[in-house]
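Worksheet for the structure shown next.
A short reminder: the numbers here are calculations on the coordinates, not readings from a lab. Note that the structure is a prediction, hence the values are computed from the model and not measured. Backbone-built Cβ (ideal geometry, glycine too); neighbour counts: all protein chains shown.
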Amino acid sequence: MCFYLYFFDVWAYFLTFVLSFYFSTELEKKITEAVSATDALKKSLDVEVADRSALEVVVASACEGLGVTVSAPGSSLWSRVEALYSRAGERLREALHAGVKKALAVVSSHYVGIDLPAVSEGYVLPDDEAKA
């Protein structure tokens, strides 16, 4: 009977050793996988941070170039891009307006008696659809 108890104790220690080795190996594998996934996420985050920093520099440079001032010094990137878009639209309208004024000035220099308000109203279309 004592032999059986001794054999059972040895067998229990052996099973405990094998199971702990197996689970520690599995745990090490899972830890290694988690560490590699964490490293990949850190690299991805570093790339995203670098891209955002580069984008902020480009937007700040464009804002300075177009003379855009954003009210708050710590304003978000989105608000600066919106202000930049708005200013670019204003500049485009200003350029279009200057171009139209220049074209009307050229036309009025060629035709002395021209009625510029009538010309700036648009095309004169005939009432008859066949003539139009």
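Hey, what's the Cα Rg ratio for region 33-132 versus the globular rule of thumb, 2.2 N^0.38 Å?
Computed over Cα atoms of region 33-132, the ratio equals 2.06.
If R₀ is 25 angstrom, what is the calculated FRET efficiency for the pair residue 127 and residue 104, using the beta carbon separation as r and rounding to 0.05?
E between residue 127 and residue 104, to the nearest 0.05, is 0.40.
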